[in-house]
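Okay, so here's the structure we're looking at.
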Amino acid sequence: SILFVLVCLLEASLLNAGEPANRFAEICIVPGKAADDVEARYVQLLRDRLAGRTSAQVALGRPAEDFSGLVFHIGTVQSHPELAELADQLGAPLPSDLEPGDEGFVLASNAGVRRRTVIAIGSDRRGVLYAVGEILRRTVGGGDAVTFPADLDLRCAPGWPVRGLLVSQGHTMRQLTGARAWTREELQGAHLDYALAGANTFELGENAPPDGMFAFLKSYGLDTLAVIGTNNGSGPPEWQAKEAIGRKGYLSPGIPEARRALIEQHEDLFRRMPPFDYVHFKSGDGGGDESEASAPYGRALIHLCEDYARILRKYHPQMKIFVGNQKLDNAG
């Protein structure tokens, strides 16, 4: 009908009228002059990810006076002192340890200012990384331009101190689908995808080389975790644990000689492994001991982990330790 056509034309004109305020063919990212290497990587990551979704010009540095595009000022107040003044102009309170909190950020913009200015202020350095993630989620690429919200007043921080996972294609998935293995760059990119979504801790193999993925994650200021079998070890048959589904390679900590072997073999591992931020000692799947010698296994486990902790801290004083409770019964 004529009415329907008129309504559609009106909606289109309104959309087009609003488009210049939200659509930008030029982007400038202004980092802090005192940004360290890690924060500089966050800023470069923002630049690279934006450039990957649009042909719009994306530059690092300070914009010219007549620049009419989208300007991101990003950093912490310590690395980018100008952010305090810009926050005041936009009416955005600065972040603090309590509001929004550790690893949090403030993201604010105002369509009323002459130049579209967006401030992204981390409560701390890692908060800058999560601000980058939020910017990317709110930026829509479209050919030679991007759209970004006209008015923002967002304050956000994670609710849990340790957030992460093991990033892997999975052996079974590749086997069933015939998928090729990720390249090194794709594996790194997958880790960064999760980091931009809020992860801060990533599991690596206990024998991860310090110059591989471990070094890559540390270069982005992220934490690493190793999962270690508490009673995996080698010894004579009489030292073997009773493992629920019959897997081999586990010793019974309830046998004194086997326990000494476990401590000796684990110390060798602790001595040569990278300085992970966290170690998680797992109590089962696989592992554990259901023999009478270690019953209840939870008691044998926690005292063994206590001895492991003393040895770990000898080589890695800052390491934090988790102990799992898989396969433990109530007595354990």
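For THR224, the shell of other residues with beta-carbons less than 12 Å away shows a net charge of -2, using +1 for Lys and Arg and -1 for Asp and Glu. Classified by the C-alpha gyration tensor, the range 39-161 has a prolate form. Its axis ratio a/c, with a ≥ b ≥ c, is 1.5 or above, and a/b is larger than b/c. Counting only DSSP beta bridges with both residues in the chain, the antiparallel share comes to about 35 percent.
Sorted from greatest to least, the principal axis extents spanned by the alpha carbons of the range 264-332 come out as 34, 21, 19 Å.
Checking the cross-link pairs LYS248/LYS327; LYS242/LYS320; LYS242/LYS314; LYS248/LYS282 against a 23 Å limit on the alpha carbon distance flags LYS242/LYS320; LYS242/LYS314 as lying beyond it. Here the label points at ALA331 and GLN265, each 7 Å from Cα along the C-beta direction, are separated by 2.6 nm in the simple model. Close amide H pairs (under 5 Å, H built 1.01 Å from N) link ASN200 with ARG163, GLY164, residues at least 5 positions away or on another chain.
What number results when the radius of gyration of the range 134-261, computed over Cα atoms, is divided by 2.2 N^0.38 Å?
It is 1.57.
Over all alpha-carbon pairs of the chain, lay out the pair-distance distribution in 20 Å bins, whole %, shortest bin first. All Cα pairs, binned at 20 Å, distribute as 26, 42, 25, 8, 0 percent. Restricting the trypsin sites (Lys or Arg not before Pro) of the range 87-186 to loop positions (DSSP other than H, G, I, E, B) with no more than 15 neighbouring Cβ atoms within 10 Å leaves ARG114, ARG115, ARG180.
Surface composition of the chain: carbon plus sulfur atoms contribute 54% of the solvent-accessible area (1.4 Å probe, protein chains only, all chains present). Multiplying the residue separation of ALA59 and ASP151 by 0.36 nm and subtracting their alpha-carbon distance yields 30.9 nm.
ASP307 to SER168: FRET efficiency via 1/(1 + (r/R0)^6), r the Cβ-Cβ distance, R0 22 Å, to the nearest 0.05?
Efficiency, from the Cβ-Cβ distance: 0.10.
Cα convex hull, the range 51-96: 121 Å³ per residue, rounded to a whole number. Among the trypsin sites (Lys or Arg not before Pro) found in the range 237-332, those both in a DSSP coil and sparsely packed, with 12 or fewer other Cβ atoms within 10 Å of their Cβ, are LYS248.
In the full protein context, the range 224-314 carries 46 Å² of accessible surface per residue, based on a 1.4 Å probe and ignoring ligands, DNA and RNA.
Once the Cα-Cα distance is subtracted from the 0.36 nm per residue extended length, the ARG272 to ARG184 segment shows a gain of 29.3 nm.
For the chain, what does the helix formula give at 222 nm: sum of -39500 (n - 2.57) over DSSP H segments with n ≥ 4, over the residue count, nearest 500 deg cm²/dmol?
One gets -12000 deg cm²/dmol as the mean residue ellipticity at 222 nm.
Viscosity 1.002 mPa s, temperature 20 °C: Stokes-Einstein D of the range 115-186 from its Kirkwood Cα radius, in µm² per second? The estimated diffusion coefficient comes to 133 µm²/s. Amide H contacts of HIS280: ALA226, VAL227, ILE228, PHE322, each under 5 Å away and 5 or more positions distant or on a separate chain (H built 1.01 Å from N in the peptide plane; Pro and chain starts excluded).
Please report, in cubic angstrom per residue, the volume enclosed by the convex hull of the alpha-carbon atoms of the range 193-308. Mind showing how you got there, number by number?
Values: hull volume 13.8 nm³, N = 116.
Here the figure is 119 Å³ per residue.
The values are calculated or read from the model by the stated rules, or taken from the named source; none is laboratory data. Every value quoted in this text rests on a predicted model; they were computed, and no experiment measured them. Cβ atoms come from the backbone with ideal geometry, glycine included; neighbour counts cover every protein chain shown. The protein model used for the area step is the full one, side chains on, heavy atoms only, and it has no ligands, DNA or RNA in it. Shrake-Rupley method; radii C 1.70, N 1.55, O 1.52, S 1.80 Å.
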